[in-house]
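S.K.: The structure is given below, and queries will be raised subsequently.
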Amino acid sequence: MPPVFQDLIYTKQAGLAVVTINRPQVYNAFRPQTIDELILAFEDAWRDETIGVVCLTGAEGNFCSGGDQKIRGDAGYVDDRTGQGRLHVRQFHRIMREIPKPVIAAVDGYAVGGGHILHMLCDLTLCSSRARFGQTGPRVGSFDAGFGTIYLARMVGEKKAREIWYLCEQYDADQALAMGLVNKVVPPDQLLEEVRVWADKILTKSPTALRFLKASFNADTDHVYGLQAIAHGATHLFYGTEEAAEGRNAWREKRPPDFNAFRKMPW
Ligand code: 2NE
């Protein structure tokens, strides 16, 4: 029996596992429980010998808007089950890379902030014509460095990656295709059908060959794991600062942030 989840819809059919983040009221932003469940779903898909491809997607017209800013405290994203500030998103990034089966992101609507990192870390991205991509961290007092910077730069080039992070603008589906961020753009009502088509093509291929190819593609950036651990630790420490709180509070209060007081560190 597949595990039962609160924040996800998890289905398996004919070799394809579909993991849908299901928090549409916050555009599928993730909280600690969402990440824990994502890890469990991927572990299940990893173990299941009938599954050859995993699709990560979001419910009701959006992919994912990153960390849930409504539950972001000064010590991180507060887990309502324990009251503790914690988010095991780094562990989820790792399992997305290490599961020895291709992972396809199906992006409709927004894939922004930490949600943008999730689609990036999928092996392939199919998106709808109404998809929108971007990073938001420096606007909301956060950053997701490590794979979020280095892997992005591998994908779109250094200049474009720096633009994406420094300006925090949004890019539409055609722009994403042009910069190599996605594999194909389709009409919204054909997105999951297209995933099925790509999955069926992959499912006719040698699982062992695919497994070693994925590991080999990953090897080029596996050294980033250590940097990612430091970067995520730094983000956690940063969340306790007034500067990070200004970004978070400004977003919640729907006003522009004022970071001028914080341009003072000479190092
Ligand atoms: C996604 C975006 C651009 C959509 O804008 P818009 O204007 O179309 O919709 P709206 O009204 O902003 O959002 C719709 C509802 O979804 C909630 C909103 O608050 C709103 O609900 P109400 O206020 O009407 O009740 N919502 C959307 N995104 C949310 C989020 N991430 N957390 C909680 N509620 C959210 C616009 O909403 C947007 O910019 N969202 C924030 C994107 C963002 O900054 N994400 C976090 C980045 S940091 C991160 O993900 C991270 C990291 O940096 C490091 C480690 C881990 C995570």
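The values are calculated or read from the model by the stated rules, or taken from the named source; none is laboratory data. What you see is a predicted model, and the numbers here were worked out from it, not measured in a lab. Cβ atoms come from the backbone with ideal geometry, glycine included; neighbour counts cover every protein chain shown. Remember, those area values only see protein heavy atoms, side chains included, never the ligands or the DNA or RNA. Shrake-Rupley method; radii C 1.70, N 1.55, O 1.52, S 1.80 Å.
S.K.: Considering only protein heavy atoms and a 1.4 Å probe, what is the carbon-and-sulfur percentage of the accessible area of the chain?
M.R.: Working: 7220 of 12950 Å².
With neighbouring chains kept in place, the figure for the chain is 56 percent.
S.K.: Taking amide hydrogens as modeled 1.01 Å from N in the peptide plane, which residues meet the under 5 Å criterion relative to R132, leaving out close sequence neighbours?
M.R.: G109, Y110, A111
S.K.: Also: Got a sec? Charge dipole of the chain, +1 on Cβ for Lys and Arg, -1 for Asp and Glu; which of G157, G73, S206 is way out at the positive end?
M.R.: Farthest towards the positive end: G157.
S.K.: With charges set only on the Cβ (+1 for Lys and Arg, -1 for Asp and Glu), what does the dipole of the range 136-267 come to about its Cα centre, in debye to the nearest 20? All intermediate terms of the calculation are to be shown ahead of the outcome.
M.R.: Values: 17 positive and 17 negative charges, 46 e Å.
The calculation lands at about 220 debye.
S.K.: Something else now. Expressed as a whole percent, how much of the Cα-Cα distance distribution for the chain exceeds 27 Å?
M.R.: Working: 12501 of 35511 pairs.
Taking all Cα-Cα pairs of the chain, the fraction more than 27 Å apart is 35 percent.
S.K.: Net charge around P3, counting only other residues with Cβ within less than 15 Å of its Cβ (Lys, Arg = +1; Asp, Glu = -1)?
M.R.: Numbers: positive: K12, R47; negative: D7, D36, E37, E43, D44, D48.
For residues surrounding P3, the net value is -4.
S.K.: Between beta-carbons, use under 13 Å as the cut-off and find the net charge around Q33, counting Lys and Arg +1, Asp and Glu -1.
M.R.: On the way: positive: R23, R31, R81, R86; negative: D7, D36, E37, D68, D79, D80.
Its environment carries a net charge of -2.
S.K.: Positive end of the charge dipole of the chain (Lys, Arg +1 and Asp, Glu -1 on Cβ, about the Cα centre): tell me which of H119, P3, L167 has its Cα farthest that way.
M.R.: About the Cα centre, the residue reaching furthest to the positive side is L167.
S.K.: Determine the sum of side-chain charges near I99: Lys and Arg each +1, Asp and Glu each -1, restricted to other residues whose C-beta is under 9 angstrom from that of I99. Walk me through the intermediate numbers first.
M.R.: Numbers: positive: R97, K101, K214; negative: E43, E98.
Surrounding charge for I99 is +1.
S.K.: OK, next. Could you list the GluC sites (Glu not before Pro) in the range 149-209 that lie in coil according to DSSP, counting only those with at most 16 other Cβ atoms within 10 Å of their Cβ? It would help to have the intermediate numbers written out before the result.
M.R.: On the way: sites: E158, E163, E169, E193, E194; in loops: E169.
Answer by residue number: E169.
S.K.: Roughly what would the spin-label model give for D220 and Q84, points 7 Å off Cα along C-beta, in nm?
M.R.: Each label point is offset 7 Å from its Cα along the Cβ direction, giving 3.7 nm.
S.K.: Provide the FRET efficiency to the nearest 0.05 for the M265-L237 pair, computing r from the beta carbons and using R0 = 22 Å. Each step should come with its number before you reach the end.
M.R.: Working: r = 14 Å, r/R0 = 0.63.
The formula returns an efficiency of 0.95 here.
S.K.: To continue, here is another question. Using only the Cα atoms of the range 81-239, build the gyration tensor, take square roots of its eigenvalues as a ≥ b ≥ c, and label the shape rounded, prolate or oblate: rounded if a/c is under 1.5, else prolate if a/b is larger than b/c, else oblate.
M.R.: Numbers: a/c = 1.66, a/b = 1.24, b/c = 1.33.
The shape class here is oblate.
S.K.: Answer with one residue from I51, I230, V186: the one whose Cα lies farthest towards the positive end of the charge dipole of the chain, charges on Cβ with Lys, Arg +1 and Asp, Glu -1.
M.R.: I230
S.K.: Over the chain, give the accessible area per residue in Å² for a 1.4 Å probe, as an integer.
M.R.: Ligands and nucleic acids excluded, the result is 49 Å² per residue.
S.K.: Where the centroid of each part is defined by its Cα atoms, how far is the range 22-73 from the range 128-142 in Å?
M.R.: When both Cα centres are located, 17 Å separates them.
S.K.: Now for a different question. Cross-link list K101/K201; K160/K254; K70/K101; K12/K101: which exceed 23 angstrom alpha carbon to alpha carbon? Don't skip to the answer; put the middle values down first.
M.R.: On the way: K101/K201 13 Å; K160/K254 27 Å; K70/K101 34 Å; K12/K101 14 Å.
Those over the limit are K160/K254; K70/K101.
S.K.: Oh, and also: Give the angle, between 0 and 90 degrees and rounded to the nearest 10, that separates the Cα long axis of helix 89-98 from the longest principal axis of the Cα atoms of the chain.
M.R.: 30 degrees
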